[in-house]
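Here, each number is a calculation from the coordinates, and none is a lab measurement. It should be emphasised that the depicted structure is a prediction, and the values quoted were computed from it without experimental measurement. Please note: Cβ atoms are built from the backbone with ideal geometry, for glycine as well, and neighbour counts cover all protein chains shown.
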Amino acid sequence: FIEGKSVKNISQKNIKYVGTYLAKLHLITNKFNQKIKTRFDITFYKNIIKENKLFFSKLDFDLNNIFIDTLKSYYKLNEKSLPKTIIHGDLFPDNVLFNNNNEITGFLDFYFSDFNYSVSDLAIVIVSWCFYINQDNNYVLDFNKLNILLKNYNNIRRIKKSEISSLNIICKLYCMRFMFTRIAAKDNNYDKQKILTKNPHEYIEKLLYFNNTKNLRMNIKYE
């Protein structure tokens, strides 16, 4: 039994500890020889885009070009030789436990772990921990939290410039993944008393945010 609970109202202190402990996790998993294959490969994305054409046709905007551009850009990252390790792969707020001092007591649910870019876990934290809803009811990235996350991660494991320059693309990819998995969960008509299904539109909005934010790197000041 692990003591602690997940947080609803995410503070800068929570973000600080997530950055620190995530870097420590990567230093540990980097020692593992086993390479866990991702289930979210190019075939997954191509198939799920085809399967959900009807859903996307009902939207007021066309996402298909964004999907294609994001996938092309993501798979070009292989040319950069970004550092890889076994990542958590699903580090949402409900998968991190904190004690009463807001210190981390454990990471939960490694079901989606795979051998992937180390910076992928940072992208997942950015898209799931570092946004707020503004007065116009739009999702906006909190750059203070973003920089706290990167600074404290960087204190333990040095982030390469190539990883920073790739963040926008990787954030877009994970917005796509979480959007698609939420659509799939909604369509499968799970028992809502047993399985929590969430709104996919949150990650459509976040995907559009990153697609329109060309100067993301300019606002990163973590060092």
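For the stretch 9-43, which residues satisfy the criterion of being more than 21 Å from THR181 (Cβ to Cβ), of a type in the set (Lys, Arg) and under 17 Å from the mean Cα position of the chain (by Cα)?
Passing the criteria: only LYS16.
May I ask you to say which residue of LEU59, LEU54, LEU82 is among the hydrophobic types (A, V, I, L, M, F, W, C), assigned to a loop (DSSP other than H, G, I, E, B) and more than 25 Å from PHE107 (Cβ to Cβ)?
Within the list LEU59, LEU54, LEU82, the selection yields LEU59.
Condition test on SER128, is it in contact with a Gly (Cβ under 8 Å, 6 or more places away or on another chain), closer than 17 Å to TYR153 by Cβ and of a type in the set (Ser, Thr, Tyr)?
Criteria not met by SER128.
Step by step: first the residues of the stretch 1-45, then only those that are polar (S, T, N, Q) and assigned to a loop (DSSP other than H, G, I, E, B), then the one that is nearest to SER118 (Cα to Cα). Which residue is that?
Filtering the stretch 1-45 for residues that are polar (S, T, N, Q) and assigned to a loop (DSSP other than H, G, I, E, B), the one nearest to SER118 (Cα to Cα) comes out as ASN30.
Checking the condition of a type in the set (Val, Ile, Thr), surrounded by fewer than 17 Cβ atoms within 10 Å (Cβ to Cβ) and within 17 Å of the chain's Cα centre (by Cα), which residue from VAL125, VAL96, VAL140, VAL119 passes?
From the options VAL125, VAL96, VAL140, VAL119, the qualifying one is VAL140.
So, of the residues in the stretch 21-45 that are among the polar types (S, T, N, Q) and out of contact with any strand residue (DSSP E or B) (no Cβ under 8 Å at 6 or more places or on another chain), which turns out to be surrounded by the fewest Cβ atoms within 10 Å (Cβ to Cβ)?
This residue is ASN33.
In the stretch 85-109, which residues are within 18 Å of ASN152 (Cβ to Cβ), assigned to a loop (DSSP other than H, G, I, E, B) and of a type in the set (S, T, N, Q)?
ASN99, ASN101, ASN102
Looking at the stretch 151-168 only, could you name the residues that are of a type outside the set (Lys, Arg) and closer than 20 Å to TYR74 by Cβ?
Scanning the stretch 151-168 gives ILE159, SER162, GLU163, ILE164, SER165, SER166, LEU167, ASN168.
So LEU77 clears everything in (1) touching a residue at least 40 places away in the same chain (Cβ under 8 Å); (2) within 21 Å of ALA184 (Cβ to Cβ) except one condition, right? Which one?
(2) is the only condition that LEU77 fails.
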